[in-house]
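The values are calculated or read from the model by the stated rules, or taken from the named source; none is laboratory data. What you see is a predicted model; the values in this text were computed from it and never measured. For neighbour counting, all protein chains shown are included, and Cβ atoms are generated from backbone atoms with ideal geometry for every residue, glycine included. Accessible surface areas use protein heavy atoms only, side chains included; no ligands, DNA or RNA. Shrake-Rupley method; radii C 1.70, N 1.55, O 1.52, S 1.80 Å.
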Amino acid sequence: MKKITFSKILEIRNLTESTYVIRLEKSDFVFKAGQYLILNVPGENIAREYSIYSPEDSPYIDLLIKEVEQGEISKELKYLKIGTKVEITGPFGFFVLKDSQDNKIKHFTFVATGTGIAPFHSIILSNPDLDYEVIHGVRYDHEAYDPTNYAKDCYKLCASRGQGENYIGRVTQYLKEKKIRKDSIYYICGNSGMVNDVTRYLERHGISSENIRTEVFF
C-alpha cells in the first residue's frame, strides 16, 4: 500500500497566467525522479495525479500545474493559503530512468508538451551528469517553464504559435527536420496525439520499441 501523507503548502510560484508551481513539505516522502503522486484537498474529495517536478534530493516537493478550464482542483490549488494542509498519496509510476548505473554513458532525448515536461525536469536535476536533450512543445514562447534549469544548448523550445527566436512549430515538425539519434533512449510525455505521433515516427526511423518510453498526461 502506498503511503498517505499530510503536507503543508510552502509556496505557490506563478510561471504564466495559467501555470504555476506549488511547493509542499516533503517530510519523509521518498520517490524516484519521473514518478507522480495523487494530491487531494481534504474535505473537497477531489484528487488528481501530478508528476513531481523537483529533484529526488530536494527538501521539498514541487508540482507543476496548469489551470484547466473545466478543472476544479487545478484552479482551487492556486488560491489556497500558505500553510494549508493537503493530502498526498504515492509515489506511483515507472516512468523513470532504467539501468541507472549506465546513465553516464547513454544519451537521452526527452520529448514533452506543456506540463508534460515535469518528470523530465525532476530526472535531469536528479542526475547532473546526464547526457540529454529536451524538446519541449508549447503554444507560445513565454511557456518555457524554468528553461535556465537545463544545460546550455540541451533545451529546445518548439512554440506552435511562436514569434521569437525559438523553433516555430510542433515537436513533431521539429523531429522531422532534425537528424534522429540512433544511439539515444527516447522518453515521451504529453498529450496522447503527440505521444502516438512521435512514437510512430521514431519507430519508422529505426528506433526500437525498447528504447522508446512513454507517459500520457491527457
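Per residue, how many Å² of accessible area does the chain show with a 1.4 Å probe? On a per-residue basis, the chain sits at 52 Å². Between Phe108 and Asp131, Tyr132, Glu133, Ile185, the built amide H atoms are under 5 Å apart, and every one of these is 5 or more places off in sequence or on another chain. Of the chymotrypsin sites (Phe, Trp or Tyr not before Pro) in the stretch 73-153, the ones in a loop by DSSP (not H, G, I, E or B) with at most 11 other beta carbons within 10 Å are Tyr79, Phe94. In order along the stretch 188-203, the Karplus-derived 3J(HN,Hα) couplings, from 6.51 cos²θ - 1.76 cosθ + 1.60 at θ = phi - 60°, round to 10, 9, x, 6, 4, x, 5, 4, 5, 5, 5, 4, 4, 5, 5, 5 Hz, and Gly and Pro are given as x. Over the C-alpha atoms of the stretch 10-100, the Rg to Rh ratio, Rh being the Kirkwood estimate, stands at 0.96. Near the amide H of Arg139, within less than 5 Å, lie the amide hydrogens of Ser160, all on another chain or at least 5 residues away, with H placed in the peptide plane.
Any chance you could list the semi-axes, whole Å, largest first, of the equivalent ellipsoid that the Cα gyration tensor gives for the chain, using √(5λ)?
Details: eigenvalues 170, 80, 47 Å².
After scaling each eigenvalue by five and taking roots: 29, 20, 15 Å.
Only helices enter this figure: runs of n ≥ 4 DSSP H residues, each worth -39500 (n - 2.57), summed and divided by the residues of the chain, yield -4500 deg cm²/dmol at 222 nm to the nearest 500.
Using a Förster radius of 30 Å, what is the FRET efficiency between Ile46 and Lys98 based on their Cβ-Cβ separation? Nearest 0.05, please. Don't skip to the end; give the middle numbers.
On the way: r = 33 Å, r/R0 = 1.11.
In this case the efficiency is close to 0.35.
Hey, if you put +1 on the Cβ of every Lys and Arg and -1 on every Asp and Glu Cβ in the stretch 9-113, which of Ile82, Leu63, Leu39 ends up farthest toward the positive end of that dipole? The Cα lying farthest towards the positive end belongs to Leu63. Each part gets one Cα centre, and for the stretch 20-79 versus the stretch 139-175 those centres are 24 Å apart.
Within a straight-line Cα-Cα reach of under 16 Å, Lys176 can be paired with the following lysines, leaving aside sequence neighbours fewer than 8 residues apart in one chain: Lys156. Computed from phi, the 3J(HN,Hα) profile of the stretch 155-162 under the Karplus parametrisation 6.51, -1.76, 1.60 (θ = phi - 60°) reads 10, 10, 8, 10, 9, 5, 10, x Hz, with x in place of Gly and Pro. Considering only protein heavy atoms and a 1.4 Å probe, what is the carbon-and-sulfur percentage of the accessible area of the chain? That share works out to 47 percent.
Here the simple spin-label model places points 7 Å from the Cα toward Cβ, and for Glu76 and His142 these points are separated by 2.9 nm. GNM on the chain, alpha-carbon springs under 10 angstrom: the most fluctuating residue among Lys81, Lys66, Lys32 is Lys81. In order along the stretch 31-39, the Karplus-derived 3J(HN,Hα) couplings, from 6.51 cos²θ - 1.76 cosθ + 1.60 at θ = phi - 60°, round to 8, 9, 4, x, 7, 10, 10, 10, 10 Hz, and Gly and Pro are given as x. One chain, two ends: Ser27 and Ser160. Fully extended at 0.36 nm per residue, the span grows by 43.9 nm beyond their Cα-Cα distance. Amide hydrogen proximity for Ser54: with H placed 1.01 Å from N in the peptide plane, the residues at 5 or more positions away or on another chain lying under 5 Å are Asp62. Pairs of lysines in the stretch 1-150 whose Cα atoms sit within less than 14 Å of one another amount to 11, provided the residues are eight or more positions apart or on different chains.
Inter-label distance, Arg200 to Glu87: 4.1 nm, where each label sits 7 Å from its Cα along the C-beta direction. In terms of its Cα atoms, the stretch 94-218 spans 41, 32, 27 Å along the principal axes, sorted from long to short.
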